[in-house]
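Chemist: Dumping the structure here so I can ask a few things about it.
The values are calculated or read from the model by the stated rules, or taken from the named source; none is laboratory data. This one's a predicted model, so the numbers in the text were calculated from it and none came from an experiment. In this analysis, Cβ positions are derived from the backbone assuming ideal geometry, glycine residues included, and neighbour counts consider all displayed protein chains.
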Amino acid sequence: MIALQENLILVGFMGTGKSSLGRLIAKKTGRRFVDTDQLIVRNEGREISQMFKENGEDYFRRIETSTLSSLRATGGQVIATGGGIVTRPENTPLLHELGFVVWLQADEEEIFRRVSRNSKRPLLQTENPRKTISDLLASRRSLYEAVCDFSIDTTHFSQKQAAEAVISEEIRRLSVQN
């Protein structure tokens, strides 16, 4: 096991592997895994889809920013964020303050394949989820790009391969800094 103390933050669109890859990276590096969506659900006592329905997306995004901010006091974490975390400008400096930001990508077809199995995604409760994915990806791509320190396309990698690539880049980056 490699011991890394800096936070690693995973950003990217839904279905790119932030949670599953985050757990694996945390295990391999001896860090605590934190999923901001899970924290929000636990703290709010209700599902994200319910928050969207009852309070709207803006309410959820404010809670998301507050949750992200609450993680600043702790290091040694792998933090999986929600896909829309980059849509609030105040989150960009916050993400950088937290640590090393990795953008997980996947091609549109693969994302649709991965997320179509989950009916709990509130932003995909539309008449045409495929078009929604395409539109959201187009609107967020530059935001992910602007916030990341490193990016990797997870489309054709196994979780193990993707985790090793992220960890290798993080170690390389740390050795260059020292």
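Chemist: Filter the helices (runs of 4 or more DSSP H) completely within region 40-109 down to those with at least 2 residues that are in contact with a strand residue (DSSP E or B) (Cβ under 6 Å, 6 or more places away or on another chain), touching a residue at least 24 places away in the same chain (Cβ under 8 Å) and on the phi < 0 side of the Ramachandran plot. Reasoning before the result, please.
Modeler: Values: elements: 48-55, 57-70, 91-98.
Because the criterion is at least 2 residues that are in contact with a strand residue (DSSP E or B) (Cβ under 6 Å, 6 or more places away or on another chain), touching a residue at least 24 places away in the same chain (Cβ under 8 Å) and on the phi < 0 side of the Ramachandran plot, the helices (runs of 4 or more DSSP H) in region 40-109 that meet it are 91-98.
Chemist: Determine whether residue 36 is at pLDDT 95 or above, among the polar types (S, T, N, Q) and closer than 24 Å to residue 111 by Cβ. Before you say what the answer is, go through the steps one by one.
Modeler: Values: at pLDDT 95 or above: yes; among the polar types (S, T, N, Q): yes; closer than 24 Å to residue 111 by Cβ: yes.
For residue 36, the condition - at pLDDT 95 or above, among the polar types (S, T, N, Q) and closer than 24 Å to residue 111 by Cβ - is met.
Quick grid of which residues meet (1) in contact with a Leu (Cβ under 9 Å, 6 or more places away or on another chain); (2) acidic (Asp, Glu); (3) crowded, with 21+ Cβ neighbours inside 10 Å:
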site: 32; (1), (2), (3): no, no, no
site: 59; (1), (2), (3): no, no, no
site: 68; (1), (2), (3): yes, no, yes
site: 102; (1), (2), (3): yes, no, yes
site: 106; (1), (2), (3): no, no, yes
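Chemist: Search region 110-137 for residues that are in a helix (DSSP H, G or I) and pair each with any residue that is modelled with pLDDT of 85 or more and among the polar types (S, T, N, Q) when their beta-carbon atoms are under 7 Å apart and the residues are at least 6 apart or on different chains.
Modeler: 110/155; 111/16; 122/49
Chemist: Examine region 8-17 for a residue that is in a helix (DSSP H, G or I), modelled with pLDDT of 95 or more and either surrounded by 17 or more Cβ atoms within 10 Å (Cβ to Cβ) or of a type in the set (S, T, N, Q) (or both), and state whether such a residue exists. Steps first, answer last, please.
Modeler: Start the filter on region 8-17 by keeping residues that are in a helix (DSSP H, G or I), which leaves none.
So far as region 8-17 goes, no, none of its residues is in a helix (DSSP H, G or I), modelled with pLDDT of 95 or more and either surrounded by 17 or more Cβ atoms within 10 Å (Cβ to Cβ) or of a type in the set (S, T, N, Q) (or both).
Chemist: Identify, by number, the condition in (1) surrounded by fewer than 20 Cβ atoms within 10 Å (Cβ to Cβ); (2) within 14 Å of the chain's Cα centre (by Cα); (3) acidic (Asp, Glu) that residue 64 doesn't meet.
Modeler: (1)
Chemist: When you scan region 145-164, do you find a residue that is of a type outside the set (Val, Ile, Thr), over 20 Å from residue 20 (Cβ atoms) and either in a helix (DSSP H, G or I) or free of Cβ contacts under 8 Å to residues at least 40 places away in the same chain (or both), even just one? Write out each step before concluding.
Modeler: If we filter region 145-164 for residues that are of a type outside the set (Val, Ile, Thr), which is where we start, we get 145-146, 148-151, 153, 156-164.
Subsequent filtering for residues that are over 20 Å from residue 20 (Cβ atoms) retains 145-146, 149.
Next, only the ones that are either in a helix (DSSP H, G or I) or free of Cβ contacts under 8 Å to residues at least 40 places away in the same chain (or both) stay: 145-146.
Yes, because at least one residue in region 145-164 is of a type outside the set (Val, Ile, Thr), over 20 Å from residue 20 (Cβ atoms) and either in a helix (DSSP H, G or I) or free of Cβ contacts under 8 Å to residues at least 40 places away in the same chain (or both).
Chemist: Criterion first (at pLDDT 95 or above and exposed (fewer than 15 other Cβ atoms within 10 Å of the Cβ)) does residue 127 satisfy it?
Modeler: Values: at pLDDT 95 or above: no; exposed (fewer than 15 other Cβ atoms within 10 Å of the Cβ): yes.
No; evaluated as a whole, the condition is false for this residue.
Chemist: Now for a separate question. Name the single residue, out of those in region 34-57 being among the polar types (S, T, N, Q) and over 23 Å from residue 146 (Cβ atoms), that is surrounded by the fewest Cβ atoms within 10 Å (Cβ to Cβ).
Modeler: Of region 34-57, the ones among the polar types (S, T, N, Q) are 36, 38, 43, 49-50, 55.
Those still in the list that are over 23 Å from residue 146 (Cβ atoms) too: 38, 43, 49-50, 55.
Values: 38: 14, 43: 12, 49: 15, 50: 14, 55: 14.
Ranking the qualifying residues of region 34-57, first place goes to 43.
Chemist: State yes or no: is residue 112 at pLDDT 90 or above, farther than 15 Å from residue 84 by Cβ and not polar (S, T, N, Q)? Write out each step before concluding.
Modeler: Working: at pLDDT 90 or above: no; farther than 15 Å from residue 84 by Cβ: yes; not polar (S, T, N, Q): yes.
So residue 112 does not fit the description; no.
Chemist: Taking region 12-49, which residues are of a type in the set (Phe, Trp, Tyr) and over 18 Å from residue 158 (Cα atoms)? Spell out the reasoning first.
Modeler: Of the residues in region 12-49, the ones of a type in the set (Phe, Trp, Tyr) are 13, 33.
Within region 12-49, just 33 meets the criteria.
Chemist: Among the residues of region 124-178, which ones are within 17 Å of the chain's Cα centre (by Cα) and among the basic types (Lys, Arg)?
Modeler: Across region 124-178, the qualifying residues are 140, 141.
Chemist: Do we have residue 85 as surrounded by fewer than 16 Cβ atoms within 10 Å (Cβ to Cβ) and not small (Gly, Ala, Ser) here? Full working, then the answer.
Modeler: Values: surrounded by fewer than 16 Cβ atoms within 10 Å (Cβ to Cβ): no; not small (Gly, Ala, Ser): yes.
Answer is no for this residue.
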